[in-house]
């Protein structure tokens, strides 16, 4: 076997003749992104995200199929290469038609995993569903009373019949006696130092719980005699049942795990300094702050609230963070809850390394407004509508009607939101889906002419992996490229049914598809966080 | 899409499909020829027939379906009885092909979203280029080509077609010219596609009749393309004294007078005629005829001299005097001599070395050294090798390969046979566009003739070397000009390129080393070997040797096919040979190299024709289209035109090209419609750069050139479009038509308006209803007082009129 010596990013490597640049890079442990490449299948060289640069000629070459040549010098990790890949991904994304996240989750400030909540409920996995709502919302019952439910306004189902009763679902999951056992959290051991949270409203509770979940001890200082802060300002809170439900919910978070100091106002600079010096970090979750107060504490304040670094929510004082209404006065409790969780992430990083963690939203492709009739594409994924869901706030039961309501969810989030390679690279390379945005988009299509598989042509990147798998397996009909140019599509030959096209290799094709163009009809990835902490 | 309007599909009989399979072949490689045969039989590809093919051949369903949906020539739904192809090549585009296309649709009342008229009579489609650029705009009805179409002479065309539709497509070319000393004179008539489209076949019939009437022994000789396509049909009269007189734009009615002028009985009448002729020549008229129709071209005429004097004929040697298929004549002019020498007294090593020394580089566009390519194939250890002649000339605005194959088929074949011999191949393929029926026929006839004479086949000239040549018909995909795509197409797959390396010279057709050379490259080979490498290398620039054939078209006074020495400047070609822009306008730029090339502004007109020099200005030699643009051409529109071409022709395989060309096109569309955003120019440049760097093949890598060059040299026009203004008054969304005070109320415009946007108002000034106007330009071109003007489409009424586009001259074939 003849050997060839090449260098990648200045590191020399010797590989067998006939190897590709990608093979050589792998030997060196250098990661090169690929979408259309699949080991064991012939090269197709279509996506071009594996772009690397040949230093001698300055030419860009696709690493996945370019054979190595003696003395080749390759640049595979520079800023230039990173940018090139980013742009190529952006071209692919400009024709990518699909929602990574469901519109409802996007609308929820706390990113409640609504479709997953519905799927778990529908499947009768109520414990898991309840754990999920507590994890994401911290106070799913209280929010079930006071939240204006922006999620329901974006529900795709509203285009068809009526929006899903999301708020009622998370409320019931949060208070049903059926799920009480799992709702009592199992806290991780306290490993970190103690963090102070000033304020016991939604953002304070949220920050405290989120920090405790991360393993930090938390002291909460609340000036009044009860927790809840702004939650009590909601008209719904006037209902005596609210007080009862909220109290029951708080039970889960109170106790030895978090020290709640009620009737403990922090007012003077000395008091603040004392707290700061005795805790690893301090979170200001006061709901609001007067200009005199912030001046006294030496905090920078803008027109509406404290000035913080938007990425970390750290104030001008190192180690002092702010969340909720104190930064931006607002009415939505769920926003304060979300803010508390974000600040907890930043604080955790600060306490651990001295640098607050930066919270970056994950890449999220969007379909946007639907054209008339398009909603029909999702209808087969949602259960039938059995008329109006029984009145809210009445029940704590996860009865058949509740489960039927959850089953109405279309599941319009991406089936492969967590495993999609395109999304993964879009995050890794910081791609912007709008840079090369097209003025027009094709219609949303979910092909269902296969009992197990759903095919979304709008998510297809024309990598031809399924075409090659079917061809290699000798499928009599097979998948193929239909048409050409921008309108080229991957389709079953003769545009026959998907079932005939994918033949016996449907499972393999679905697994190999780098996006969710081919996905299992009834299987969604477990939903991951919609952000990355850096 | 269902088309209820078209005729009921013919019943497809499976035994007939089986017979076709038997005739064509059943291996995987026969996918495209089988589909072409089906399409010819049924006018489309009936699905039941396709399924039958999968059943009865080695072709897989996946491959057959992907091929059937790849080539624009193939269609999956029934078509009308006749096909109308509206050429939208570059030259036609700048002369208003879009308007012609829209007018055809209107004329035939084709419903929106369909391509066939309600009676199922005609199916209309756009085609890239019919290669008759000097007759632009061109429309082909079945196999009959009509030049100089405008919105108002389409009905005449359809009537003409209906009258002659029985006429089968036949090459009017007769067999070999008989050499017989007893002829009293001869009449030569050019029979290239342009000439035929210009009406030369009917001129010939009239010639024969007129000659018969004289009762004298005058022979009619067919010759190939003369190159002066702007003057077609051309007739050259050679008397027994050897005196030659050439007539241009001859019509059948003129023929009798021409013949009489040269060949007539002795006597008093002869003197009378001569006197008459002298007077007419002084007046600059044709022989006793209508001044507009026929003109005698005197070689001393400065125009003709200018057209010919800078040219140098190597690939087109004996231009205008060789009968395309007369092998004897070809041999008398030195043809096959180079091949004979190779086979009898030269070594392949010596021949490859000679080609290397000549400095010959590929004429297909990229300019790879030909000798080096030959050497690489020769050096392969694999004993099975192939040669391919690339005749898939898909560039809009280029037709030199078509002309070479039509007029000099033996020369192309001789070059190919020499190449095959030099690299040690035993099989050769000519891949020729299906849109070139005449080239296909003549190359086919020439192969047969050479086979009869023992130049192709087994044991050629007793050397023990065998060579088989065959033709593969292209499917109308531009990308198949790329060598890996071309090979994929011949192998029966989609014409999608693949990454090089491996180069075809290492692993090509059927996995064996394959030499792919362009037609023109091969046509130069015999001359080089006959005259020696030094003779060839003495022509041209240090790195670009010999000559290059260009198709000169667009807004030029004298368009045609020209062969010029390398190193000549673009200005010399456009101004000296082409006579500058037509109608006394200034030429603004010349588009070199088609969709891969760029627009070179007049200010850089002194750029020499040289691979590197053209690249330095952002253009490219390409395959040799030269389209002259004048002040009435909008450079943004030109860029958009090319992008719409490359976006349509992109195979769709690699994402930078598939998506990048589409995104660029969308931005250019916005610009031309006045909807562009301020950062669009920046975005356009960014995508252009991305597509250029990362595309898989040459198509994508060069597709941004027209955008990048126009952005570089005509940025102000882009900026004007950002403001919603088209300086050339070309972009229809940015202009409107206005009637000026010159209007005499003749109602002519109201009569020609196809959409009734001008209410007739006799003897009163007319008004154009802007909301109904489709900007077809018919009113303006038909107004006898030039009262109709193009003005920017703004509400302000004080804006100055903009330069109107050039008037298209209308010529209806008789």
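Odds and ends about this structure:
- Of all the criteria given as (1) out of contact with any helix residue (DSSP H, G or I) (no Cβ under 7 Å at 6 or more places or on another chain); (2) under 28 Å from residue A:373 (Cβ atoms), the one not satisfied by residue A:464 is (2).
- Residues located in the stretch B:448-485, provided they are away from chain A (no Cβ under 14 Å) and within 13 Å of residue B:67 (Cα to Cα): B:474
- Of all residues in the stretch A:8-27, those being touching a strand residue (DSSP E or B) at 6+ places or on another chain (Cβ under 7 Å) and closer than 16 Å to residue A:53 by Cβ number 6.
- Checking the stated criteria, residue B:497 turns out not to satisfy the condition of being within 27 Å of residue A:62 (Cβ to Cβ), assigned to a loop (DSSP other than H, G, I, E, B) and away from chain A (no Cβ under 14 Å).
- Test: residue in the stretch A:105-118 that is away from chain B (no Cβ under 14 Å), more than 30 Å from residue A:445 (Cα to Cα) and without any contact (Cβ under 8 Å) to a residue 60 or more places away in the chain: no
- In the stretch B:620-645, the residues that are part of a helix (DSSP H, G or I) and either free of Cβ contacts under 8 Å to residues at least 60 places away in the same chain or touching a strand residue (DSSP E or B) at 6+ places or on another chain (Cβ under 6 Å) (or both): B:640, B:644
- Scope the stretch B:210-234; condition touching a residue at least 24 places away in the same chain (Cβ under 8 Å) and farther than 19 Å from residue B:438 by Cβ; matching residues: B:210, B:211, B:213, B:214, B:216, B:217, B:218, B:219, B:230, B:231
- Subset of the stretch B:23-75 that is in a loop (DSSP other than H, G, I, E, B) and over 21 Å from residue B:435 (Cα atoms) - its residue that is farthest from the other protein chains (Cβ to nearest Cβ): B:25
- Counted residues, the stretch B:622-665 - those being within 14 Å of another protein chain (Cβ to nearest Cβ) and in contact with a helix residue (DSSP H, G or I) (Cβ under 8 Å, 6 or more places away or on another chain): 22
- Some residue of the stretch A:438-451 being part of a helix (DSSP H, G or I), within 11 Å of chain B (Cβ to nearest Cβ) and touching a residue at least 60 places away in the same chain (Cβ under 8 Å): no
- Which numbered condition residue A:98 misses (of (1) in a loop (DSSP other than H, G, I, E, B); (2) over 30 Å from residue A:380 (Cβ atoms)): (2)
- The set of residues from the stretch B:364-395 being in contact (Cβ under 8 Å) with a residue 60 or more places away in the chain and either surrounded by fewer than 23 Cβ atoms within 10 Å (Cβ to Cβ) or part of a helix (DSSP H, G or I) (or both) comprises B:366, B:367, B:370, B:373, B:374, B:376, B:377, B:380, B:382, B:384, B:385.
- Of all residues in the stretch B:114-144, those satisfying the criterion of being within 22 Å of the chain's Cα centre (by Cα) and surrounded by fewer than 24 Cβ atoms within 10 Å (Cβ to Cβ) are B:124, B:125, B:126, B:127, B:140, B:141, B:142, B:143, B:144.
- Residue satisfying condition, being at pLDDT 90 or above and part of a strand (DSSP E or B), within set A:282, A:264: A:282
- Selection from the stretch A:457-472 of residues that are assigned to a loop (DSSP other than H, G, I, E, B) and more than 11 Å from chain B (Cβ to nearest Cβ): A:460
- Selection status of residue A:483, more than 28 Å from the chain's Cα centre (by Cα), under 25 Å from residue A:38 (Cβ atoms) and within 14 Å of chain B (Cβ to nearest Cβ): yes
- Only one of A:510, A:490, A:454 that is away from chain B (no Cβ under 14 Å), in contact with a strand residue (DSSP E or B) (Cβ under 9 Å, 6 or more places away or on another chain), part of a strand (DSSP E or B) and buried (at least 21 other Cβ atoms within 10 Å of the Cβ): A:454
- When the residues of the stretch A:36-50 are filtered to those that are surrounded by fewer than 24 Cβ atoms within 10 Å (Cβ to Cβ) and touching a helix residue (DSSP H, G or I) at 6+ places or on another chain (Cβ under 6 Å), the one that is farthest from residue A:88 (Cα to Cα) is A:41.
- So residue B:295, is it modelled with pLDDT under 85 and farther than 24 Å from residue B:545 by Cα: yes
- Residue satisfying condition, being under 21 Å from residue A:526 (Cα atoms), surrounded by 24 or more Cβ atoms within 10 Å (Cβ to Cβ) and assigned by TED's automatic domain parsing to the domain that holds residue A:386, within set A:143, A:120, A:137: A:137
- Members of the stretch A:472-487 found to be surrounded by fewer than 23 Cβ atoms within 10 Å (Cβ to Cβ) and farther than 20 Å from residue B:71 by Cβ, listed by number: A:472, A:473, A:474, A:476, A:477
- Of the residues making up the stretch A:22-35, at least one is touching a residue at least 24 places away in the same chain (Cβ under 8 Å), closer than 13 Å to residue A:463 by Cα, away from chain B (no Cβ under 11 Å) and touching a helix residue (DSSP H, G or I) at 6+ places or on another chain (Cβ under 8 Å).
- Residue in the stretch A:46-63 that is under 24 Å from the mean Cα position of the chain (by Cα) and farther than 30 Å from residue A:332 by Cα present: yes
- Residues that are crowded, with 23+ Cβ neighbours inside 10 Å and touching a residue at least 24 places away in the same chain (Cβ under 8 Å) within the stretch B:599-619 comprise B:599, B:600, B:609, B:619, listed in sequence order.
- Residue within the stretch A:204-216 that is farther than 28 Å from residue A:328 by Cβ and not in a helix (DSSP H, G or I) present: yes
- Among the residues of the stretch A:38-54, the ones that are within 12 Å of chain B (Cβ to nearest Cβ) and either part of a loop (DSSP other than H, G, I, E, B) or farther than 20 Å from residue A:83 by Cα (or both) come to 9 in all.
- Inside the stretch B:782-807, residues that are assigned to a loop (DSSP other than H, G, I, E, B), surrounded by 12 or more Cβ atoms within 10 Å (Cβ to Cβ) and modelled with pLDDT of 85 or more make up a count of 4.
- Subset tally (residues that are at positive phi and modelled with pLDDT of 90 or more) for the stretch B:109-129: 1
- Out of A:325, A:368, sole residue that is in a helix (DSSP H, G or I), more than 17 Å from the chain's Cα centre (by Cα) and modelled with pLDDT under 95: A:325
The values are calculated or read from the model by the stated rules, or taken from the named source; none is laboratory data. Not measured: the values here are computed from a predicted model. As a convention, Cβ positions derive from the backbone with ideal geometry for all residues, glycine included, and neighbour counts pool all protein chains shown.
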